[in-house]
Amino acid sequence: MKRRTRNKIILWSLAVTAVAVLVGGTIALVLTAGTWKAKIKKSQEKICNKGWECSGSKYCCNDTITDFFKVYQFENLFAKRNTPVAHAVGFWDYQAFITAAALFEPQGFCTTGGKQMQMMELCAFLGHVGAKTSCGYGVATGGPTAWGLCYNHEMSPDQIYCDKTYTQYPCVEGAEYYGRGAIPVYWNYNYGAAGDGIKADLLHHPEYLEQNATLAFMAAMWRWMTPIKKSQPSAHEAFVGTWKPTKNDTLSKRLPGFGATMNILYGESICGRGYIDAMNVIISHYQFYLDLMGIGREHSGDNRDCAEQAPFNPSSKPDEQQQQQQSGS
């Protein structure tokens, strides 16, 4: 009797082991099949090449920026940038913008989604650029939104923006890290990171951003396309809707749209402070450009302000948010 019981136990053990092996093998096969399916799908993804402007990417299968944004439109958007009273006469031009954009179009910069979304992202990005480089004021000829790209650097910096605690990008003797560029860059660590992103030695030569318009646009586009932290969206992702907010984001009223781009780029210097002028000016530029591009401000999207959004990255230092100041201030 004992031998029979023992034999039954052995048989049951073998049966359970066999089932486990079969189940494990099935799971392994399913996982392997799933992995290969993903690889096959990726390999079958259509890739397009459109010459110098956009190549080797699925995004290049959409319209490129030069398909819907021409020289005359650039001139309309930035009509006053070369007037005698402007502070960067002759610096900014269409060719510099397009040359810079060619680096990021394969990544989805203004090449994500349909034509309307592409044009909306262009206006959103340039809305930040226009607002942050404007020398317009309430009674300025053509209105305050006509004066974008008036500056290419901070006019009267009161410090050199060197933070010696950031050892990854240490300050270079003699270099000054005041605001420069299309979306002004401040502080040594931001120059260092942007320089790595566009493969230019901005840490040693921050002046490049006020000497070369293509690099100035590149640095701004790199910031637009790059998350501040890996767990967070880029401004691009937040705007085109590929970012999926977490529960904490939703509770903090951070949702996809133009408002989130301001939160990512400027944090608490702009967002979570109600409907302040600094925020409204950026929105006004975005909507003005939508009108000029023929889309219309009625298509500026949901969640276009950040008045009640909690900042993604609350400042830990009193001076940290000074990097977000307007270049012409």
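The values are calculated or read from the model by the stated rules, or taken from the named source; none is laboratory data. None of these values were measured; they are calculated from a predicted model. So basically every Cβ, Gly included, is an ideal-geometry build from the backbone, and we count neighbours across all protein chains shown. Ligands, DNA and RNA are excluded from the accessible area calculation, which covers all protein heavy atoms including side chains. Shrake-Rupley method; radii C 1.70, N 1.55, O 1.52, S 1.80 Å.
If I filter the stretch 85-92 for residues that are at pLDDT 95 or above and under 19 Å from the mean Cα position of the chain (by Cα), do I get at least one hit?
No, the stretch 85-92 contains no residue that is at pLDDT 95 or above and under 19 Å from the mean Cα position of the chain (by Cα).
Conditions tested, residue by residue: (1) at pLDDT below 95; (2) touching an Asp or Glu at 6+ places or on another chain (Cβ under 9 Å); (3) open to solvent by less than 20 Å² (accessible area, probe 1.4 Å); (4) within 13 Å of Q309 (Cα to Cα).
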| residue | (1), (2), (3), (4) |
| --- | --- |
| R254 | no, no, yes, yes |
| F258 | no, yes, yes, yes |
| G272 | no, yes, no, yes |
| M279 | no, yes, yes, yes |
| Y289 | no, no, yes, no |
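Any idea how many residues of the stretch 227-252 are surrounded by fewer than 16 Cβ atoms within 10 Å (Cβ to Cβ) and closer than 24 Å to A193 by Cβ?
Of the residues in the stretch 227-252, 4 are surrounded by fewer than 16 Cβ atoms within 10 Å (Cβ to Cβ) and closer than 24 Å to A193 by Cβ.
From the list Y166, Y177, exactly one residue is on the phi < 0 side of the Ramachandran plot and modelled with pLDDT under 95. Which is it? Spell out how you get there, then give the answer.
Values: Y177 fails: modelled with pLDDT under 95.
Within the list Y166, Y177, the selection yields Y166.
Filter the stretch 179-209 for residues that are open to solvent by 30 Å² or more (accessible area, probe 1.4 Å) and among the aromatic types (F, W, Y) and give the result.
Correct list: Y208 only.
Could you pull out the residue among Y208, Y177 that is more than 20 Å from the chain's Cα centre (by Cα), aromatic (F, W, Y) and not in a loop (DSSP other than H, G, I, E, B)? First the steps, then the outcome.
Numbers: Y177 fails: not in a loop (DSSP other than H, G, I, E, B).
After applying the criteria, what remains is Y208.
Considering only residues of the stretch 107-164 that are open to solvent by less than 30 Å² (accessible area, probe 1.4 Å) and aromatic (F, W, Y), which is nearest to I198 (Cα to Cα)?
Restricting to residues being open to solvent by less than 30 Å² (accessible area, probe 1.4 Å) and aromatic (F, W, Y), the top hit is F109.
Which members of the stretch 49-74 meet the condition of being in a helix (DSSP H, G or I), open to solvent by 50 Å² or more (accessible area, probe 1.4 Å) and not hydroxyl-bearing (S, T, Y)?
Within the stretch 49-74, K58, D67, V71 qualify.
Run T167 past the list (1) part of a helix (DSSP H, G or I); (2) surrounded by fewer than 17 Cβ atoms within 10 Å (Cβ to Cβ); (3) of a type in the set (S, T, N, Q) and report the number of the one that doesn't hold.
Of everything listed in (1) part of a helix (DSSP H, G or I); (2) surrounded by fewer than 17 Cβ atoms within 10 Å (Cβ to Cβ); (3) of a type in the set (S, T, N, Q), T167 misses just condition (1).
Going by the structure shown, is T214 outside any helix (DSSP H, G or I) and modelled with pLDDT of 95 or more? If you could, list the steps in order and put the result at the bottom.
Working: outside any helix (DSSP H, G or I): no; modelled with pLDDT of 95 or more: yes.
In short, no.
Restricting attention to the stretch 75-95, which residues are within 30 Å of S55 (Cα to Cα), open to solvent by less than 70 Å² (accessible area, probe 1.4 Å) and touching a Leu at 6+ places or on another chain (Cβ under 9 Å)?
L77, F78, F91, W92 - these are the residues of the stretch 75-95 that are within 30 Å of S55 (Cα to Cα), open to solvent by less than 70 Å² (accessible area, probe 1.4 Å) and touching a Leu at 6+ places or on another chain (Cβ under 9 Å).
Please state which one of L265, L290 is more than 30 Å from E176 (Cβ to Cβ) and either in a helix (DSSP H, G or I) or touching a residue at least 12 places away in the same chain (Cβ under 8 Å) (or both).
Values: L265 fails: more than 30 Å from E176 (Cβ to Cβ).
The conditions single out L290.
Got at least one residue in the stretch 61-77 being basic (K, R) and free of Cβ contacts under 8 Å to residues at least 40 places away in the same chain? Lay out the reasoning, then the answer.
The initial filter retains those residues of the stretch 61-77 that are basic (K, R), namely 70.
Still in the list and also free of Cβ contacts under 8 Å to residues at least 40 places away in the same chain: 70.
Within the stretch 61-77 (the criterion being basic (K, R) and free of Cβ contacts under 8 Å to residues at least 40 places away in the same chain), the answer is yes, since at least one residue qualifies.
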